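The values are calculated or read from the model by the stated rules, or taken from the named source; none is laboratory data. For clarity, every value in this text was computed on a predicted model and none was experimentally measured. Here the Cβ positions follow ideal geometry from the backbone for every residue, glycine too, while neighbour counts run over all protein chains shown.
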């Protein structure tokens, strides 16, 4: 009975968001040695009551060869977080991705700075 109670215990939103970001940072575009979060592919992360997560993301291009598995891998990594109830992931190409969306760390890693 206590295990069921633990599964529905709400995680504080900021703590859960940090866990989600850390999970997303484990996913890499196979052609670029930078994680998808630092690449700027994540447009929005929303945390809703009882540990529900919504992620709005894009890919580097609509024809990205990794389009088949990057969103699935992001969703899977988030679902592995203990206590997560539901993950909804939406893929968009509006606004279109540009290198300006990369973090400073990603730009440095890729030699753009």
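Quick notes on this structure:
- Filter pass, residue 9 being surrounded by 13 or more Cβ atoms within 10 Å (Cβ to Cβ), touching a residue at least 40 places away in the same chain (Cβ under 8 Å) and either farther than 14 Å from residue 73 by Cβ or in contact with a helix residue (DSSP H, G or I) (Cβ under 7 Å, 6 or more places away or on another chain) (or both): no
- Summed over the stretch 12-34, the residues that are surrounded by 15 or more Cβ atoms within 10 Å (Cβ to Cβ), free of Cβ contacts under 8 Å to residues at least 60 places away in the same chain and closer than 17 Å to residue 99 by Cα give a count of 2.
- Yes/no for residue 53 being within 9 Å of the chain's Cα centre (by Cα), modelled with pLDDT of 95 or more, crowded, with 17+ Cβ neighbours inside 10 Å and under 18 Å from residue 88 (Cα atoms): no
- Note on the stretch 1-91: enclosed strands (runs of 3 or more DSSP E) holding 3 or more residues that are farther than 24 Å from residue 105 by Cα are 52-57, 86-91.
- Looking only at residues in the stretch 56-110 that are at pLDDT below 90 and surrounded by fewer than 11 Cβ atoms within 10 Å (Cβ to Cβ), the one that is nearest to residue 20 (Cα to Cα) is 68.
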